[in-house]
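Inspection log for the structure reproduced underneath, given as structure tokens.
The values are calculated or read from the model by the stated rules, or taken from the named source; none is laboratory data. Note that the structure is predicted; figures quoted are calculated from it, not measured. Neighbour counts are summed over all protein chains in view; Cβ atoms, including those assigned to glycine, are modelled from backbone coordinates with ideal geometry.
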Amino acid sequence: MTRVLAAIDNSLAASPVLAIARALAPLLDSDVEVLHLVENGDRMATQAALAAGLTLTSRRGPVIKSIIEAGRCADVAVLVVGARGTPAGPRPLGGTALAVATGLPKPIVVVPPDAHITGVIRRVLVPVEGAPAGTAPILDVVEDAELDMIVLHVYEEDSLPAFTDQPQHWQETWAREFVRRYCPWHTGPLRLETRVGRAEDLIPRVAEEVNADIIALGWTLDLGPGRAPTVRGVLDRSRRPVLLVPVAIGHPY
Amino acid sequence: MSEPEPVEPGRRFEAVVFGWSGTAVADPAEDAGRLRKLVEELCAHGLDLYLVTGARLPEVDGRLQARPVGPGRLYLCVDEGSEVHRVGVDGTRLVHRRTATPAEEAALDRAARVTVDALARRDVPAAVVPRLNRRAIDLAPGTEEPAAAVRKRLRASGRLSLYGIVELATDAALRAGLPDPRVTSDGRYVQIGLTDRADAARWVLDDLRRRGIAPRLVLFAGAAFGRIRGVPGADAPLLVPEASRSVAVSVGAEPAGVPAGVTVLGGGPARFLALLADQLERRRRGDVPDVDDTPDWTLTVDGLDPDLERVHETLLAIADGRLGTRGTPLLAHPATDPGVRAAGVYARTGADSELAGCPDWTTLPGTVSDPTLLRRRLDLRTGVLRQDGPVAALQFSSLARPATVVLRAEGPPGRLPGTDRYTLPGPFAAALSDLCRDGRLDRLGGYAPDEADARAARATAEELGFDRLLAEHRAAWAARWDAADVVVLDGDPELQLAIRFALFHMMASVADEGEAAVGARGLVGGGYRGHVFWDSDVFVLPFLAATHPAAARAMLEYRIRRLDAARAGALRRGNRGARFPWESAVDGFDVTPSFGRLPSGEIARIRTGEAEEHITADVAWAASCYLDWTGDTEFAEGPGRELVLETARYWASRIRLDSEGRGHIYGVIGPDEYHEPVDDNTFTNVMARWNLKRAAALDGAEGACWRRLADALVDGFDPMSRLYEQFAGFFDLEPLLIADVAPRRPIAAELLLGVPRTRASQVVKQPDVLMLHHLVPDEMAPDSLGANLDFYEPRTAHGSSLSPAVHASLLARAGRFRDALAALRIAARIDLDDISGSTASGLHVATMGGLWQALVFGFAGVRPRGDTLVVDPRIPPQWGGLQIRLRFRGKPFVLRIDHQSVELDAAGALALTRRDGHWEVHAP
């Protein structure tokens, strides 16, 4: 039996983390384990776990190292962490979340403190840039789940099409081939949304528009200067949980 | 005698050219019964045979006595290239003779006499034997001495070698005034002639070219290609440069070796007969024919890339004007998107209508297990698709017999179906028959709306058989290319292939009987739902009017049969006359969607159906273009007249006169769809004006009114700047140069800048004012092209795939070659490089037409003007020139244009005159 490991702090941000962990568990046929590294008490963490009907494991030790070590256990399928302690608009990823995300080569869900959680993960927003086809990141984590997949392609300046001819027809033909070429993994109905602009701005916005339960992004674990601007921007701006799935170098986003 | 070894190179040929004495027969006196039988059987199985000899007809036919029934042909090329006879069941028929002029006959006599006299002075007896177009100098007159003995005698005498006699005769011929004498020898005779076997070879290759058989598919067989005592062998002249891609074999001993490219098989006539028997066996058992793979005629795709497969299937598609079939592998693979579509056959109605899918005739059992083994080659010259891999196959959709399909395949057990006959229902039903034996399959079939008709077409195909169907299909394509090919001389091979790719798919997309509904993406994909736009009338039709008028007429018939719907469209708007819809499908009513999802995600109202009205004048323009090229008086006085008059009536009812008597057309969309709707779009107004004036010349009653309205229409022209304002208020918009703000062009500017800003700026999607300079240059102010190019070119985003070709044409007219070639290249590569990201759903057929127009109207400067064709070329320094095949007023011709001159080859049917700095093609 695998585990969804939810690493929470002692703040209100813990609740949405636990809610996502509980929503993910049945998709993975997993249990949920809750881990708290005690720094300034554990009252709120305990209450959050209790409210979620989950058992809390409290430990002491270096926070980042401990979480990563715990996440490395073979039976941990996904790690769920909070993006930062407090909400209040687009902000950089918190230090802990950043360190854990870049240090653990496993699927990680980063949950904003003000995330809207329904308790069920049904609708997934999958941004696709248009690169040689791989699996959708979510499907590397969740197999055979009946998910409502919405693929989002953002035309950025360097990927704007040359021609749109009669756009009502062009978009239809272009979309058909785009899905065929870059989303071969879909087996059921799939909806394609397109936007024009900067991906890091639009992905969070579209996630709100379509009421996605989670955004799934593949990434290479590198958030260094100039790297993965879209992943960084989405993590900073998104009010929806973001599932980051490690992929090979060259994967979009 | 032991059986000869297996014959290389081990494939089926489509024609065999062979010698007589020493190749086909050892001794002219021997019985040629076995050869005759083989020849007749090979012709019955569709092989074309050409016998080339220096002997005369009675000597050869009297011995061979073959009387083939066909479909393969037998030709006797006799008298050293001076005559060609076709042989049929009723005997021989002269099809070609080189006739010497009296001066040439006199020169031949002089040369022969001088040679004999020179030989006499050297004690070499000789006598002249007159032959057709040559004089044979007999080196052993009055004897039966064989050639070998004559050579030996000459050597022993030490006086003069055979080689020396040939040189002597050549010198005599040149001094006698023969500029290109053909001097040959077989050892006994030295012949001074006007022709030799090289002329025969050229005649043969030209005959085969006209029937769609490329040199690579031809086998040359001789016995004397190498030198004999320093003198070229009798068969050496067959190796003309044009045959460099053919296969040449010698069954002779060739003691001094052979020229490069000739394979020595040896074995004499027995070996040659074995070679023929091998060819017969290959045809009997159904070998898959090969294709020519000349780079500028062949599109090759190796392997199967799942990401690009749908694009490749579009590029490799075959069609016959009625039926289009994607170039899908014959075995299944998840990345493929097979499809068969029929022109004008739609599913559903209204905006939802789309080209209906028809039953697929190209599938075989099994899957592609190893894509790396797959190779597909589309031979553009003959319209056949060859596939190699686990199964080798050749398939085509017959241009000679549209909606008849043919597939021949070879494969291992389990890869081919069993013998069967079956009907597949559909909007266009398919009746197919599979004949399978010994690892070979022939699938023949017919498509028709009615199953019974499909079965009848299948029955006809079965009766004709594979080889006859292939022969007529090839010949049909050869005829089309003879009328339409465009060659860039000393140009870029990649561009040449792209040009032929474009011409091929245009020719394949349009029927030449009945009506032809030419959808924006052709017959090979579902893109644009098969709807018909101005793309067809303005971009595709001119190519066909100038090369294959029957197809252009069929396109016009599509519009003419929908004139009532166009009248209803006008009436619905409170107007008179006929108003053609922006998008058209089955019934001629507008099928433009009212809303569409844009790339930005917005659902936007689509207004082109309501407001892009220039199409009404465009259809009239297409009709007049057809008339300009063909002079079809029946059309001009009948449906063409009605079409021009009704469209003019529409414009007359559409124009609003202001208080000062100026005419306006309000609320339209021009070709530049970034700005909508606008008032007094110059393109719409000038085309309407042109339409009114054209109609006024036909109709006296309404003509006067139409002329007044035409003269009253504003056109936005400013005499000071020489600029045309694209629409009322255009010059007040933000003067944004897309060339300065876009990271590249072409680019969809409405996505880069956003729709509101684009609409508020002077960025244009595609040529609008400039389109007038391209379509109706005589309607535009003289010397205004430069100013409008300078103004509008940097403002053009080329957000339409129709755009680059028109700019290429105009930039060429303006002599701006670097930019013209850059734009031409984009137009040429739109589908080959999938620049639009949508080629998987079909071909940009209108862009292909634009490419042709850029070459012919732009660079070659060819335009009809009344009863003449003006030729005013602009050839870029990067090219050697252009060679263009066209048809004007029913007369086919070839124009060869270089930097200094224009040459016309019209077999006397047309003449070329230099006048006022340009050339004119006209009746003699």
- [ ] Among what's in the range B:468-495 and is out of contact with any Pro (no Cβ under 6 Å at 6 or more places or on another chain) and of a type in the set (D, E, K, R), pick the residue that is surrounded by the most Cβ atoms within 10 Å (Cβ to Cβ).
- [x] B:ARG474
Open item on the list: I'd like the full set of residues that are small (Gly, Ala, Ser) and out of contact with any Ser or Thr (no Cβ under 9 Å at 6 or more places or on another chain), limited to the range B:769-813.
Closed with: B:ALA781, B:SER784, B:GLY786, B:ALA808, B:SER809, B:ALA812
Task: Criterion violated by B:GLY530 - all others in (1) out of contact with any strand residue (DSSP E or B) (no Cβ under 7 Å at 6 or more places or on another chain); (2) farther than 20 Å from B:GLY383 by Cβ; (3) of a type in the set (Gly, Ala, Ser) satisfied - done: (1)
- [ ] Say whether the condition of being part of a loop (DSSP other than H, G, I, E, B), out of contact with any His (no Cβ under 7 Å at 6 or more places or on another chain) and more than 14 Å from chain A (Cβ to nearest Cβ) is met by at least one residue in the range B:269-281.
- [x] no
Open item on the list: Within the range B:667-682, does at least one residue satisfy the condition of being small (Gly, Ala, Ser), more than 14 Å from chain A (Cβ to nearest Cβ) and within 36 Å of the chain's Cα centre (by Cα)?
Closed with: yes
- [ ] Only residues that are part of a strand (DSSP E or B), more than 14 Å from every other protein chain (Cβ to nearest Cβ) and at negative phi: list them for the range B:337-356, please.
- [x] B:VAL340, B:ARG341, B:ALA342, B:ALA343, B:VAL345, B:TYR346, B:ALA347, B:ALA356
- [ ] Just give me the residues in the range B:408-454 being surrounded by fewer than 19 Cβ atoms within 10 Å (Cβ to Cβ), hydrophobic (A, V, I, L, M, F, W, C) and farther than 28 Å from B:ARG12 by Cβ, in sequence order.
- [x] B:LEU424, B:ALA452
TODO: Scan the range B:367-383 for residues that are surrounded by fewer than 17 Cβ atoms within 10 Å (Cβ to Cβ) and in a loop (DSSP other than H, G, I, E, B) and jot them down.
DONE: B:SER369, B:ASP370
TODO: Select from the range B:796-831 the residues that are within 14 Å of chain A (Cβ to nearest Cβ) and not in a helix (DSSP H, G or I) and list them in ascending order.
DONE: B:THR796, B:ALA797, B:HIS798, B:GLY799, B:SER800, B:SER801, B:LEU802, B:ILE830, B:ASP831
Task: Cross-chain or 6+ apart pairs with Cβ under 9 Å, the range B:508-536 first and away from chain A (no Cβ under 14 Å) and outside any loop (DSSP other than H, G, I, E, B), then surrounded by fewer than 24 Cβ atoms within 10 Å (Cβ to Cβ) and β-branched (Val, Ile, Thr) - done: none
Task: Meets criteria (crowded, with 18+ Cβ neighbours inside 10 Å, touching a residue at least 12 places away in the same chain (Cβ under 8 Å), touching an Asp or Glu at 6+ places or on another chain (Cβ under 7 Å) and not basic (Lys, Arg)) for B:VAL806 - done: no
- [ ] Filter the range A:139-155 down to the residues that are out of contact with any strand residue (DSSP E or B) (no Cβ under 8 Å at 6 or more places or on another chain) and either touching a residue at least 12 places away in the same chain (Cβ under 8 Å) or crowded, with 20+ Cβ neighbours inside 10 Å (or both), then identify the one that is nearest to the other protein chains (Cβ to nearest Cβ).
- [x] A:LEU139
TODO: Provide a single number: the residues in the range B:61-79 that are farther than 17 Å from B:ASP48 by Cβ and in contact (Cβ under 8 Å) with a residue 40 or more places away in the chain.
DONE: 1
Task: Failed condition for B:GLY414, given (1) modelled with pLDDT of 95 or more; (2) outside any strand (DSSP E or B) - done: (1)
- [ ] Using the structure shown, decide if B:GLY850 is modelled with pLDDT of 95 or more and over 25 Å from B:PRO599 (Cα atoms).
- [x] yes
Open item on the list: Among the listed residues A:GLY53, A:GLY82, identify the single one that is within 19 Å of A:VAL234 (Cβ to Cβ) and either of a type in the set (Gly, Ala, Ser) or touching a residue at least 60 places away in the same chain (Cβ under 8 Å) (or both).
Closed with: A:GLY82
Open item on the list: With the requirement that a residue be surrounded by fewer than 20 Cβ atoms within 10 Å (Cβ to Cβ) and more than 21 Å from the chain's Cα centre (by Cα), what does the range B:838-875 give you?
Closed with: B:ARG865, B:GLY866, B:ASP867, B:THR868, B:VAL870, B:ASP872, B:ARG874
- [ ] Can you work out which of the residues in the range B:27-62 that are more than 22 Å from B:GLN279 (Cα to Cα) and buried (at least 21 other Cβ atoms within 10 Å of the Cβ) is nearest to the chain's Cα centre (by Cα)?
- [x] B:GLY54
Task: Candidate set: the range A:159-193, residues that are more than 7 Å from chain B (Cβ to nearest Cβ) and aromatic (Phe, Trp, Tyr); chosen: the one nearest to B:GLY526 (Cα to Cα) - done: A:PHE178
- [ ] Find the residue count for the range B:708-749, including only residues that are more than 17 Å from B:PHE683 (Cβ to Cβ), more than 14 Å from chain A (Cβ to nearest Cβ) and either in contact with a strand residue (DSSP E or B) (Cβ under 9 Å, 6 or more places away or on another chain) or without any contact (Cβ under 8 Å) to a residue 12 or more places away in the chain (or both).
- [x] 10
Open item on the list: Among the residues in the range A:204-226, are any part of a helix (DSSP H, G or I), at the interface with another protein chain (Cβ under 10 Å from one of its Cβ atoms) and at pLDDT 95 or above?
Closed with: yes
